[in-house]
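Peer 1: Let me give you the structure first, and then I'll get to my questions.
The values are calculated or read from the model by the stated rules, or taken from the named source; none is laboratory data. What you see is a predicted model, and the numbers here were worked out from it, not measured in a lab. Cβ atoms come from the backbone with ideal geometry, glycine included; neighbour counts cover every protein chain shown. Quick note on the areas: whole protein, heavy atoms, side chains included, nothing else; ligands and nucleic acids left out. Shrake-Rupley method; radii C 1.70, N 1.55, O 1.52, S 1.80 Å.
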Amino acid sequence: MTALDKYDRLETMGLWRESGQAQRRDVVVSFGDASLIIRDKGDTPLAHWSLPAIHRVNPGKRPALFKPAADAEEELEVSDPEMIDAVEKIRKLIERTRPHSGRLRLAISGGIAAVLLAVGLIWLPGALVRNTVAVLPESTRLAIGTSLLGHMTRITGDTCRATLGTAALARLKNRALQGKLRKSYVVPKLGTRDTLVLPGRLLLLDATLVEDHDSPDVAAGYMLKALGDRRDHDPMVPLLEHAGFLTTFKLLTTGQMSNDRLASYSETLLKTDEPPLDNSAIIALFKSARVSATPFAYGVDVTGEATLPLIEADPFRGAEAPRLLSDGDWISLQGICT
């Protein structure tokens, strides 16, 4: 969602009501990383609307009326032309990432659908999941991951966005992961998890990873662990298993997934336990990234007993590891949520 960068500072006033019977309220409207944020005049968040799901009630008319979904009662009126144009631009950008079927595509999809449905009735549902994951384009994965992030911020709080901290986080991600994940975010509280990788190669970090440690090496270690988890377990697989056969079939044939299913899965994902640490599986990642494994090992277990193999295999054991961030960047990263 790099098209959102130019709207980082865009804010406007609007009129919002929570339901059809509710009184309309003056609110402040601004952009988050994957959501439209609605706050009252005291800066208290009232709602986070997932950008991919936003519905325009009165196309072409001003002031514009928006809803968080086509069937939602919640409504927002915006008069500011710049904000209206920004929302419309993002909606069109997301729409372009979704497949638009012509007659030939429709005929081909229909034939594929008939064959896959017959196979699905005979074979295991897991085969449909595997096939869908194998052919799903990156643009669709990114749209799904962005929508999930928007739903999650209702629970985790909005992504932390202090300007210097965001730049430092990007530098740490690029240094540790060498471009293998698209973008990283810090959120105030990531449920029961330390990290999450969403479809589209989006990485979420719990704020404690940068706030409660003395160096960026621990956060870098958790980034590498998340990369290893994604390598071994595609994040689309548990999503499709949660969504079920019909939703997976619809995604395969239309490239779209129900917003309700994504909202439900976002809540489930935040309650899912962190995958267990496999010391031997990630040692090579630390070596390739030229990151010391010892700070991360003690970050996971302060005694070092459970992570002793990782400590012993540290590529920089007994030597000074390369610096990951400057002192100024590290201080900025620790304050990313302030």
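Peer 1: Which distance in nm do the two modelled labels at Ala281 and Asp301 give, with both placed 7 Å along the Cα-to-Cβ direction?
Peer 2: Output for this residue pair reads 1.6 nm.
Peer 1: Solvent-accessible area per residue for the chain at a 1.4 Å probe radius, Å²?
Peer 2: Per residue, the chain has an accessible area of 49 Å².
Peer 1: Next question. Could you run the Karplus curve 6.51 cos²θ - 1.76 cosθ + 1.60 with θ = phi - 60° over the range 226-240 and give me ³J(HN,Hα) per residue in whole Hz, x for Gly and Pro?
Peer 2: For the range 226-240, the Karplus-derived couplings read 4, 4, x, 4, 5, 4, 8, 9, 4, x, 6, 5, x, 4, 5 Hz, x marking Gly and Pro.
Peer 1: Farthest toward the dipole's positive end in the chain, which of Tyr185, Ala321, Gly200, given Cβ charges of +1 (Lys, Arg) and -1 (Asp, Glu) about the Cα centre?
Peer 2: Gly200
Peer 1: Treating the beta-carbon of each Lys and Arg as +1 and of each Asp and Glu as -1, no other charges, what is the dipole magnitude of the range 181-223 about its Cα centre, to the nearest 20 debye?
Peer 2: Working: 5 positive and 6 negative charges, 85 e Å.
Magnitude of the dipole: close to 420 debye.
Peer 1: Please list, by residue number, everything in the range 48-87 whose backbone N is under 17 Å from a paramagnetic label point 7 Å out along Cα→Cβ of Arg24.
Peer 2: In the range 48-87, the label zone of Arg24 (backbone N under 17 Å from the point 7 Å along Cα→Cβ) covers 56-68, 73-81, 84.
Peer 1: OK, next. Please list, in chain and number order, the residues 5+ apart from Arg25 or on another chain whose amide H is under 5 Å from its amide H, with Hs placed from the backbone.
Peer 2: Sorted by chain and number, the residues that satisfy this are Trp16, Arg17.
Peer 1: Same structure again: For the range 132-239, what % of the accessible area comes from carbon and sulfur atoms, probe 1.4 Å? Display every interim value, and only then the final one.
Peer 2: Numbers: 1990 of 3670 Å².
Ligands and nucleic acids excluded, carbon and sulfur give 54 percent.
Peer 1: Same structure, new question: Given labels modelled 7 Å from the Cα in the Cβ direction, how far is it in nm from Asp273 to Glu241?
Peer 2: Using points 7 Å along Cα→Cβ, the separation is 1.5 nm.
Peer 1: Moving to a separate point now. Can you list the residues, at least 5 places off or on another chain, whose amide H is less than 5 Å from the amide H of His55, using H built in the peptide plane?
Peer 2: Amide H to amide H, under 5 Å and 5 or more residues apart or across chains, His55 pairs with Lys67, Ala69.
Peer 1: Is the shape of the range 131-188 rounded, prolate or oblate, going by the alpha carbon gyration tensor and its root eigenvalues a ≥ b ≥ c, with a/c under 1.5 for rounded and a/b larger than b/c for prolate?
Peer 2: Working: a/c = 3.21, a/b = 1.32, b/c = 2.42.
Cα axes put the range 131-188 in the oblate bin.
Peer 1: Can you compute the label reach from Asp327? Point 7 Å from Cα along the Cβ direction, backbone N cut-off under 20 Å, restricted to the range 162-193.
Peer 2: 164-165, 168-169, 172
Peer 1: Taking the chain, how much of its Cα-Cα pair set, in percent, is spaced more than 33 angstrom apart?
Peer 2: Values: 19824 of 56953 pairs.
Cα-Cα pairs in the chain separated by more than 33 Å: 35 percent.
Peer 1: Are there any trypsin sites (Lys or Arg not before Pro) in the range 212-302 that are in a DSSP loop and have at most 13 other Cβ atoms within 10 Å? List them by number.
Peer 2: Lys271
Peer 1: Where in the chain lies the longest segment free of GluC sites (Glu not before Pro) that are both loop residues by DSSP (not H, G, I, E, B) and have at most 10 other Cβ atoms within 10 Å? Write down the numbers at each step before the final one.
Peer 2: On the way: sites that count: Glu305, Glu320.
In the chain, the maximal stretch lacking such sites is 1-304.
Peer 1: For n ≥ 4 DSSP H runs only, could you compute -39500 (n - 2.57) per run for the chain, divide by its residues and tell me the 222 nm figure to the nearest 500? Present the calculation step by step, with values, prior to reporting the outcome.
Peer 2: On the way: 14 runs with 163 residues, N = 338.
Estimated from H runs of four or more residues: -15000 deg cm²/dmol.
Peer 1: Right, something else. Would you list which lysines come within 27 Å of Lys225, measuring only between C-alpha atoms, while excluding same-chain residues fewer than 8 positions from it?
Peer 2: Lys173, Lys180, Lys183, Lys189, Lys271, Lys287
Peer 1: Net charge near Leu240: determine it from the other residues with C-beta under 12 Å of the C-beta of Leu240, scoring Lys and Arg +1 and Asp and Glu -1.
Peer 2: +2
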